[in-house]
Ligand code: XMP
């Protein structure tokens, strides 16, 4: 398998580089530059190396660096931003510390490209790139030619084609760099000789072998939520270590219609120990009389940990805890905590009080859509793999006020009707998340000849890229009309339906 090694110097766009390389169907891995050795590089055997950007200056104390020999291994190297400056610095060029603001560039920048450079071939000479740097390269090392410049930056790109060493001061991975992906593709295909034939199926044996090495004969415990990440992690681990894996699925009774049974039917057939804990009574009794959203969230999170720990204790000593962490979570966790709007609870979270020798994160190199692709490649049902996000506290935060068995039954049916109608109208792919919320408002209605006094149900559908912001989805009136009629006719306890037309911000996606 052809592989690209991405050496990470801590830049904010580094995950995007990996993303772009894999979009070109070339496998890559990101490794921290600080701890890489020549032996590790040789063992990884990449067809090319990409050095990422980073916040340091090559002159600052403790600036991350590399053994100079990396550039004489005969492996093509592309340095991006800090990576480019480091290459220049280590090979005898000159990086100048920015003094004043004149040489600094941030944002979209008009850039003149030398179109005879293999990275920019058949590009227009004038282009726009995304810059984000203080220092700049004032002299390129011997053997290099300057292949791009801007008004403020004499070396926006440099190349030594004989040694297959390339550097760009700008960020080709950021979409604001026009043709940035094409530049990366040229590096991969024309410089490194990548075939671009990597597909997700190829990842499975690599990941399985790696997990076997990591886990050996140890026993692994996984909290399975039925969400995409923990499900795919379970499937991969089951392939790697079979019944050394135990999955505990805590059914807190706050799942959607049929969801618990679907999870059980998929995983009880796999080579792993599957334990379903039906804990609805425990959760509902702790939630009795509780109306405040944050209190509900805390209770559900806390009870989850208790049930999980309780069950885990019965199993005896487990060596490893597996988690469905995916690549964006790895990147996220490097950032400071943002203000807590809601205390998110992930059923895959690590209970603090439990001790494990090792944490296993089989998906930590994958993006969400890659996780889905992997799930499908391993034969998981589409229903599970393409599931929309569902909050850890489940319907507990989609029932306003106190959660009861009766309200859960009402919401499950109504939510199912709405989701099914949207899916049958093939609108689900365009809408990021869609669900029903049972409000605690009752209103007067008339059905047949009788007065009713029943709950108001809210329908929520949003379009979003990242769930940080979202727009309410412009669903067709006909669809809303059909859903409204069906819910009122089929679900006793609801006599009024409203559609939520608030975006995020100011509202959040969930109501609680
Ligand atoms: P909000 O409501 O904050 O939701 O706009 C953003 C996204 O996060 C999901 N969500 C959760 N996911 N545990 C989760 O795993 C939680 O406690 C939780 N609360 C909200 C929500 O469904 C949406 O996709």
> Restricting the first residue to region 190-205 and requiring it to be within 15 Å of residue 28 (Cβ to Cβ), which pairs with a second residue that is part of a helix (DSSP H, G or I) meet a Cβ separation below 6 Å and a spacing of at least six or different chains?
Replying inline: 194/188; 200/373; 200/374; 200/377
>> surrounded by fewer than 16 Cβ atoms within 10 Å (Cβ to Cβ), over 28 Å from residue 1 (Cβ atoms) and at pLDDT below 95: is that true of residue 143 in this structure?
In response: no
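For residue 163, indicate whether it is part of a strand (DSSP E or B), farther than 13 Å from residue 84 by Cβ and touching a residue at least 24 places away in the same chain (Cβ under 8 Å).
On the way: part of a strand (DSSP E or B): no; farther than 13 Å from residue 84 by Cβ: yes; touching a residue at least 24 places away in the same chain (Cβ under 8 Å): yes.
So residue 163 does not fit the description; no.
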> If you go through region 411-420 one residue at a time, do you hit one that is within 16 Å of the ligand (Cβ to nearest atom), surrounded by fewer than 21 Cβ atoms within 10 Å (Cβ to Cβ) and not in a loop (DSSP other than H, G, I, E, B)?
Replying inline: yes
>> Tally up the residues in region 395-405 that are within 16 Å of the ligand (Cβ to nearest atom) and not in a helix (DSSP H, G or I), please.
In response: 4
> So which residues in region 35-90 are touching a residue at least 12 places away in the same chain (Cβ under 8 Å), touching a strand residue (DSSP E or B) at 6+ places or on another chain (Cβ under 8 Å) and assigned to a helix (DSSP H, G or I), if there are any at all?
Replying inline: 41, 44, 70, 71, 82, 83, 84, 85, 86, 87, 88, 89
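Out of 408, 384, 374, 380, report the one residue that is away from the ligand (no atom under 15 Å from the Cβ) and part of a loop (DSSP other than H, G, I, E, B). So that I can check it myself, show each step before the final result.
Numbers: 408 fails: part of a loop (DSSP other than H, G, I, E, B); 384 fails: part of a loop (DSSP other than H, G, I, E, B); 374 fails: part of a loop (DSSP other than H, G, I, E, B).
When all the criteria are applied, what remains is 380.
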> Restricting the first residue to region 235-254 and requiring it to be without any contact (Cβ under 8 Å) to a residue 40 or more places away in the chain and at negative phi, which pairs with a second residue that is in a helix (DSSP H, G or I) and buried (at least 24 other Cβ atoms within 10 Å of the Cβ) meet a Cβ separation below 6 Å and a spacing of at least six or different chains?
Replying inline: 247/234; 249/263
>> If I filter region 447-457 for residues that are outside any loop (DSSP other than H, G, I, E, B), over 29 Å from the mean Cα position of the chain (by Cα) and at pLDDT below 95, do I get at least one hit?
In response: yes
>> I'm trying to understand the selection: among the residues of region 15-34, which are more than 19 Å from residue 186 (Cα to Cα) and assigned to a helix (DSSP H, G or I)?
In response: 15, 33, 34
> Across region 96-126, which residue is modelled with the lowest pLDDT among those that are surrounded by 21 or more Cβ atoms within 10 Å (Cβ to Cβ) and in a strand (DSSP E or B)?
Replying inline: 105
> What are the residues in region 423-437 that are within 16 Å of the ligand (Cβ to nearest atom) and in contact with a helix residue (DSSP H, G or I) (Cβ under 7 Å, 6 or more places away or on another chain), if any?
Replying inline: 428, 431, 434, 435, 436
> If you take the residues in region 487-505 that are assigned to a helix (DSSP H, G or I) and within 16 Å of residue 438 (Cα to Cα), which one is nearest to the ligand (Cβ to nearest atom)?
Replying inline: 487
>> Contact list please: Cβ distance under 6 Å, first residue in region 499-512 and closer than 17 Å to residue 457 by Cα and in contact (Cβ under 8 Å) with a residue 24 or more places away in the chain, second residue more than 8 Å from the ligand (Cβ to nearest atom) and outside any loop (DSSP other than H, G, I, E, B), pairs at least six apart or on different chains.
In response: 499/459; 499/480; 500/458; 500/460; 501/472; 509/462; 511/437; 512/293
> Given the conditions (1) over 20 Å from residue 387 (Cα atoms); (2) within 26 Å of the chain's Cα centre (by Cα), and given that residue 266 satisfies all but one, which numbered condition is not satisfied?
Replying inline: (1)
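Can you name the helices (runs of 4 or more DSSP H) wholly within region 226-321 that have at least 2 residues being closer than 27 Å to residue 370 by Cβ? Write out each step before concluding.
Working: elements: 228-241, 259-267, 280-287, 293-314.
Passing ranges, in order: 228-241, 259-267.
Return the only residue of 78, 90, 86 being buried (at least 18 other Cβ atoms within 10 Å of the Cβ), closer than 23 Å to residue 20 by Cβ, in contact with a helix residue (DSSP H, G or I) (Cβ under 6 Å, 6 or more places away or on another chain) and modelled with pLDDT of 95 or more.
Values: 90 fails: closer than 23 Å to residue 20 by Cβ; 86 fails: in contact with a helix residue (DSSP H, G or I) (Cβ under 6 Å, 6 or more places away or on another chain).
Residue meeting the stated conditions: 78.
From the residues in region 470-486 that are within 16 Å of the ligand (Cβ to nearest atom) and surrounded by 16 or more Cβ atoms within 10 Å (Cβ to Cβ), which one is farthest from residue 443 (Cα to Cα)?
Within region 470-486, the match that is farthest from residue 443 (Cα to Cα) is 470.
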>> Suppose the filter is at pLDDT below 95, within 18 Å of residue 503 (Cα to Cα) and either surrounded by 19 or more Cβ atoms within 10 Å (Cβ to Cβ) or away from the ligand (no atom under 15 Å from the Cβ) (or both); does residue 392 pass it?
In response: no
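From 443, 464, 508, grab the single residue that is within 16 Å of the ligand (Cβ to nearest atom), farther than 24 Å from residue 254 by Cα and surrounded by fewer than 18 Cβ atoms within 10 Å (Cβ to Cβ).
Numbers: 443 fails: within 16 Å of the ligand (Cβ to nearest atom); 508 fails: farther than 24 Å from residue 254 by Cα.
Unique residue meeting the criteria: 464.
Quick check: is even one residue across region 189-198 over 30 Å from residue 241 (Cα atoms) and buried (at least 21 other Cβ atoms within 10 Å of the Cβ)?
Yes: region 189-198 contains one or more residues that are over 30 Å from residue 241 (Cα atoms) and buried (at least 21 other Cβ atoms within 10 Å of the Cβ).
The values are calculated or read from the model by the stated rules, or taken from the named source; none is laboratory data. None of these values were measured; they are calculated from a predicted model. Because the Cβ atoms are built from the backbone with ideal geometry, glycine has one as well, and the counts that use them run over all protein chains shown.
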